[in-house]
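Down below is the structure, laid out as structure tokens.
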Amino acid sequence: MGGRGASFNIPVARSGGPRSTVGLPGTGLSWSVEHTPSQGLPNSRRLRPGQLEALKQELLALLREQLFAPGSVGALLWKHGSVSRLLADGSLGPRTAGLLALIETPEALESYLLRAQSQADAKRRAQRCIESLQQALRLSGSPQRLW
């Protein structure tokens, strides 16, 4: 049951209990939690507070691993202060500047993602971080122009 990006699965041909999965479509990033009888099932619209914190930490770890790992383009953005330079340029529109500000520093990324108030909000925030990196790369024309 569920739509693109979030589902609830009841096992038919596999062992184990029901599982909820939240993913970021098109990125390959997802997070699943298998529910045991003692845990109970989560509300279909949001995770319990402990589950939400775990989801946010998992999304943050995935973003760091997939987009900002040492030596990656995202890590080089931070190392060379490239997003800060794009923001200081002053020629960006407010939406673009707001988007880039989300990933200006590792602390900005973490703070933004950890402020999520629900499962859907965490998913949206992670997707915006991905869009921010894509936008920074588009604005530069090539990764080498960022530094």
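Of note:
- Accessible carbon and sulfur surface of the range 69-111 relative to its total accessible area, %, 1.4 Å: 59
- At a probe radius of 1.4 angstrom, the accessible area of the range 72-135 per residue rounds to 47 square angstrom.
The values are calculated or read from the model by the stated rules, or taken from the named source; none is laboratory data. Not measured: the values here are computed from a predicted model. These area figures cover heavy atoms from the full protein model, side chains too; ligands, DNA and RNA do not enter into them. Shrake-Rupley method; radii C 1.70, N 1.55, O 1.52, S 1.80 Å.
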